[in-house]
Amino acid sequence: MLKGRSLIEPDNFSIEEMEKLFSMAEKIEKEESYLRESGRGRVLATLFFEPSTRTRLSFEAAMLRLGGNCLGFAEPGSSSAAKGESLADTIRTVACYADAIVMRNPKEGASLLASRCSPVPVINAGDGGHHHPTQTLTDLLTIRRLRGDIRNLTVGYCGDLKFGRTVHSLAKALARYKEIKMIFISPEELVVPEYITRMLKKQNIEFAETRILEEAMPELDVLYMTRVQRERFFNEEDYIRLKDIYVLSREKMELAKKELIVLHPLPRVNEIAVEVDADPRAAYFRQAKYGMYVRMALLASILGLV
Ligand code: CP
């Protein structure tokens, strides 16, 4: 179904195609032997021009669990990009060695460019403040697993909604599920981009914006916390002023529904107090694990292993 396809933005795949990936990921989680070794002899390239722990390692773990192999770099200084090689030339070269390419790049649109000059599928692992579609697959799978359905939910996004690409991708994907309400919780300087709110209005999705986390807490079914993205600020003073603006604490959790789930794409800096980790509603480390299962399903699909 997805054989040979690239994934650059969350809506590159239909809802039906994503649902099939989620079912496959759930089967992988339940059945230890499902798809194991199906990727023997296949090679995945992971090209990370920006730091990563979860995305890179979960893709590599996914490929290794499928029986394939991985090559690549975790920072561009060790590649010929440091000598001035263009992205297009890097991609054309890596495509000679690998069956699929996963790439993270600080430039928005870099993955789209890569997919246009690559003869093998390209998966966007984050392009600047733009999109992070495999985090969205992870987030949707986590909601489906822990809430049973991806519809009829009020989802709150909290923190840096301006630069947070995971928020942009998730809002775009959830808008396709319709029976969804969104609440954007951010300081004035970090509000969600206008193209997202315009898209929600066009699709008649109910949404609200607030500056106060406590005000939104009682209404939420899903709380999506995000880190203030230091690396995308032009000025350190603004970052320091805003970085601790929202800290989810045990006290704030008391305002929430008992069925709430708290998600975070991670890494966390200070925006969720460590004391919250013990709350059964804190789902962010389970979310990181679902990320590996859904990436296994994705790789198996685009490599034609199923
Ligand atoms: N969620 C996420 O993209 O984490 P990493 O930056 O560690 O890959």
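Among the residues of segment 112-139, write down those that are more than 16 Å from the ligand (Cβ to nearest atom) and at positive phi.
none
What is the one condition in (1) surrounded by fewer than 23 Cβ atoms within 10 Å (Cβ to Cβ); (2) among the acidic types (Asp, Glu); (3) outside any helix (DSSP H, G or I) that Asp160 does not satisfy?
Going through the list (1) surrounded by fewer than 23 Cβ atoms within 10 Å (Cβ to Cβ); (2) among the acidic types (Asp, Glu); (3) outside any helix (DSSP H, G or I), Asp160 breaks only (1).
Identify all residues within segment 240-251 that are touching a residue at least 24 places away in the same chain (Cβ under 8 Å) and either part of a loop (DSSP other than H, G, I, E, B) or surrounded by fewer than 17 Cβ atoms within 10 Å (Cβ to Cβ) (or both); write none if there are none.
Across segment 240-251, the qualifying residues are Lys243, Asp244, Ile245, Tyr246, Val247, Ser249, Arg250.
Pick from Glu231, Glu271: which is touching a strand residue (DSSP E or B) at 6+ places or on another chain (Cβ under 9 Å), under 25 Å from Glu50 (Cα atoms) and acidic (Asp, Glu)?
Glu271
Which members of segment 76-92 meet the condition of being out of contact with any Pro (no Cβ under 9 Å at 6 or more places or on another chain) and exposed (fewer than 14 other Cβ atoms within 10 Å of the Cβ)?
Answer for segment 76-92, where residues must be out of contact with any Pro (no Cβ under 9 Å at 6 or more places or on another chain) and exposed (fewer than 14 other Cβ atoms within 10 Å of the Cβ): Gly77, Ser78, Ser80, Lys83, Gly84, Glu85, Ser86, Ala88, Asp89.
What residue, among those in segment 251-271 that are among the aliphatic types (A, V, I, L, M) and within 16 Å of the ligand (Cβ to nearest atom), is modelled with the lowest pLDDT?
Among them, the one singled out is Val269.
Given Gly164, Gly156, Gly148, Gly109, which one is within 14 Å of the ligand (Cβ to nearest atom) and of a type in the set (Gly, Ala, Ser)?
Residue meeting the stated conditions: Gly164.
Of everything in segment 181-214 that's touching a helix residue (DSSP H, G or I) at 6+ places or on another chain (Cβ under 8 Å) and in a loop (DSSP other than H, G, I, E, B), which residue is farthest from Gln229 (Cα to Cα)?
In this case the residue turns out to be Gln203.
Of Thr154, Thr136, which residue is hydroxyl-bearing (Ser, Thr, Tyr) and in contact with a Pro (Cβ under 9 Å, 6 or more places away or on another chain)?
Thr136
Could you tell me whether Ala82 is in the same structural domain as Val122 (by TED's automatic domain parsing) and either under 30 Å from Asp149 (Cα atoms) or of a type in the set (Asp, Glu) (or both)?
So Ala82 does not fit the description; no.
Give the residue, chosen from Glu231, Glu237, that is part of a helix (DSSP H, G or I), assigned by TED's automatic domain parsing to the domain that holds Arg147 and within 16 Å of the ligand (Cβ to nearest atom).
Going through Glu231, Glu237 in turn, just one is part of a helix (DSSP H, G or I), assigned by TED's automatic domain parsing to the domain that holds Arg147 and within 16 Å of the ligand (Cβ to nearest atom): Glu231.
The values are calculated or read from the model by the stated rules, or taken from the named source; none is laboratory data. Predicted, not measured: the structure shown is a model, and the values here were computed from it. Here the Cβ is made from the backbone with ideal geometry for all residues, glycine too, and neighbour counts use every protein chain on show.
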